[in-house]
Each structure stands twice: as structure tokens, then as C-alpha cells.
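Student: One structure, pasted below without further comment.
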Amino acid sequence: MAATAIDATVSSRPSGRLHEHRFFCSISVLVALVVFIGFARTYFLSSWFHARPLPAPIIHIHGAVFSGWIALLVIQASLAASSRPDIHRRLGIAGLVLAPCVVTLGILVANEMLRRLWAVPGFDARAIYAVALSQILGFAVPVTFAFGLHRSPAFHKRLILIGTIAMMTAAFGRWPVHFLLHKPLPAMIATFGLLLLLVFYDLLTMRRIHPATALGGIWVVFIELTAIAIGHTTEWQNLTGYIHSAAT
């Protein structure tokens, strides 16, 4: 009931709805662009850059499913802006199927990355593993609540967006830019910048931060910064050593 009341306040005017649709369409395209730039050299345009083949089939599957989720984000935002809620609802079923696949494949790929980077010089495989798992948690929790609040559009769209943004650390960390490439903390800060865009939008349009923006944003920042701290502890080093030994 509270979510419905807030939704009514947020979208009470036609001009407000128009601005909201434009914003969410624009930021979904921005997220897709972040992903494309990050994975262009190793995935989307790998043949152009003569990249080495992906090391495991599971990474191909993960790439396809994750790309499908990003494409669905852009399509759903566009459908909402085009006043096609009927198609939007039908495609929402695809999201219900894709979301658990994104989580499951994310964990499998994180385990594969831990194994592959374990002895590679210049990479702290244990810390990277912690960051990878934090992104999966950052995605899973907001998206789970988003599906539960699908009848409250303002909550639903923000939580879906926030969950997707949580995974942008991996994309920013692959940008061919010196201060981002393979640097988890700067990549996280860039990711938090996307969350700030949503905060600024709420402040400009509502003069306050929407509860979904506040709670979802706090969760993503907390879980990812916690991963940076935990990734260098002795307990985490021992745990990842056990996981690596069990998987090899």
C-alpha cells in the first residue's frame, strides 16, 4: 500500500511520467554502453581485436545470458516509454527466467575466474573473487524485491536498474583506461557514479530520494565496499584457498 501511494505521487502528472520514461530509457542505454565498452575487446568485438578465445564454455553461456539481461533492460524501458505495458508484462516473464540464470552463472564464472587467475602474476585472485561475488549479491537482492514489487512501477524500475548497475564494476574494470583497467576500487567508484545519477534524478523530480533508490543504493555500496575489505583478510584468504583446492 505504501509503495502504491508513493507511485501515485511520483507519476501523478503526465509531464512527470514523460520525464521519468526518458530518464530510465537514457540510463538503461548508458548501462548498455558501459557493458559494450568494457567487454568489446574480449567478447563483443573479440575478432576485431584478435582476442584470445574465451577459456571455458561456461563463460560463453554467461556472456550470452548477461547480454540478454542488458538487452531486456533497454527493451523494457523503451516499452514503458512507448506505453506498451501489455508487451512489457509479457517480457517480464523472460526477466523472471533470466535473473536466476544471471546469478547462477555469475557464481560459476567467479569460481572459474578464481581457478584461472590463482597463479597469474599481478592479479589478486582472492580479492577479485570477493568483488565478483559481491556484484552477484548486489544484483540478486534488489532484483528479487523488484519482482515482488512489480505492481509498483516506481519501486520496480528503480530496483531492477540498481541491481543491474551493481554488476557494472566488472564492466568498468575492463575499460581500456589506465585508472580503471583491472582495478576493482576505481571501477566500483565509477559504478557508484551511475547510482548517483538516479539519486540526482530523484532529487530533481521529487525533491527527495525515493526509498527504493536509497535502500537499493545503500545495499550495493555496502556489499561491494565490504567485499574490498573482506577480500584481504586472513579468513577470506583461507576460505578461497579451500574453495580453490576443492575445485581443482
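Student: Does Leu105 meet the test of being over 27 Å from Thr213 (Cβ atoms), in contact with a Phe, Trp or Tyr (Cβ under 6 Å, 6 or more places away or on another chain) and modelled with pLDDT of 90 or more?
Tutor: No, not satisfied.
Results for (1) without any contact (Cβ under 8 Å) to a residue 40 or more places away in the chain; (2) part of a helix (DSSP H, G or I); (3) within 19 Å of Ala99 (Cα to Cα), shown as yes or no for each residue.
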| residue | (1), (2), (3) |
| --- | --- |
| Val34 | no, yes, no |
| Thr42 | no, yes, no |
| Trp48 | yes, no, no |
| Ala51 | yes, no, no |
| Pro55 | no, no, no |
| Ile59 | no, yes, yes |
| His62 | no, yes, yes |
| Ser67 | yes, yes, yes |
| Ala77 | no, yes, yes |
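Student: Kindly list the number of the only condition in (1) in contact with a helix residue (DSSP H, G or I) (Cβ under 7 Å, 6 or more places away or on another chain); (2) at pLDDT 90 or above; (3) farther than 18 Å from Ile27 by Cβ; (4) hydrophobic (A, V, I, L, M, F, W, C) that fails for Ile87.
Tutor: Evaluating Ile87 over (1) in contact with a helix residue (DSSP H, G or I) (Cβ under 7 Å, 6 or more places away or on another chain); (2) at pLDDT 90 or above; (3) farther than 18 Å from Ile27 by Cβ; (4) hydrophobic (A, V, I, L, M, F, W, C) leaves (2) as the failure.
Student: Given the conditions (1) assigned to a helix (DSSP H, G or I); (2) closer than 18 Å to Ala110 by Cα, report the number of the one that Phe222 does not fulfil.
Tutor: Only one criterion is unmet by Phe222, namely (2).
Student: For segment 225-247, enumerate the residues that are surrounded by fewer than 17 Cβ atoms within 10 Å (Cβ to Cβ) and outside any helix (DSSP H, G or I).
Tutor: Residues satisfying the conditions are His232, Thr233.
Student: In this structure, is Ile75 surrounded by fewer than 19 Cβ atoms within 10 Å (Cβ to Cβ), farther than 23 Å from Met168 by Cα and β-branched (Val, Ile, Thr)?
Tutor: Judged against the criteria, Ile75 is not a match.
The values are calculated or read from the model by the stated rules, or taken from the named source; none is laboratory data. It should be emphasised that the depicted structure is a prediction, and the values quoted were computed from it without experimental measurement. Every residue, glycine as well, gets a Cβ built from its backbone with ideal geometry; the counts of neighbours run over all protein chains shown.
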